[in-house]
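Just below is one structure, and these are the notes that go with it.
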Amino acid sequence: METNKLTSETKMDHLIKTAEFNRFGLIFVILTAVGCLGGIAIGFGAINHTLSLIAVVLPSMLTLSLLIAVAPMRVTLIATILAVTIDLLLIIYFLFN
């Protein structure tokens with residue numbers, strides 16, 4: 001007779017498992033989001049300031065490198081969230097500046 005083990009899987013663990021299963025679909029979405037938002041941030045004015053240019057390029061290239069290296073999706077999603085957040089903050093800053 002088998003006993004059912006109670007697993008306390010958090011929503012984040014479920015999200016990571018789902019992301020690993022849907023890796024190839026998410027790669028397309030991540031490439032599009034990070035690439036386009038980075039380009040928009042550069043176009044709005046990040047190209048004129050060295051530090052803001054570095055702030056856009058470094059996390060974007062890190063995310064793209066992790067995708068090429070087939071890194072675990074947990075690390076890739078963290079880098080994606082970081083890149084998108086920085087891009088959006090700089091877009092808002094340059095939009096109102």
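The values are calculated or read from the model by the stated rules, or taken from the named source; none is laboratory data. If you're wondering where the values come from, they're calculated on a predicted model, not measured in any experiment. Note that each Cβ is placed from the backbone with ideal geometry, even for glycine, and that neighbours are counted across all protein chains shown.
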Considering each of I54, I78 in turn, give the residue that is at pLDDT 90 or above and farther than 20 Å from E20 by Cβ.
-> I54
Output the helices (runs of 4 or more DSSP H) that fall wholly within the range 4-84 and possess 3 or more residues being surrounded by 14 or more Cβ atoms within 10 Å (Cβ to Cβ), or say none.
-> 23-44, 50-68
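Would you be able to tell me the number of residues in the range 12-49 that are closer than 17 Å to L89 by Cβ and β-branched (V, I, T)?
4
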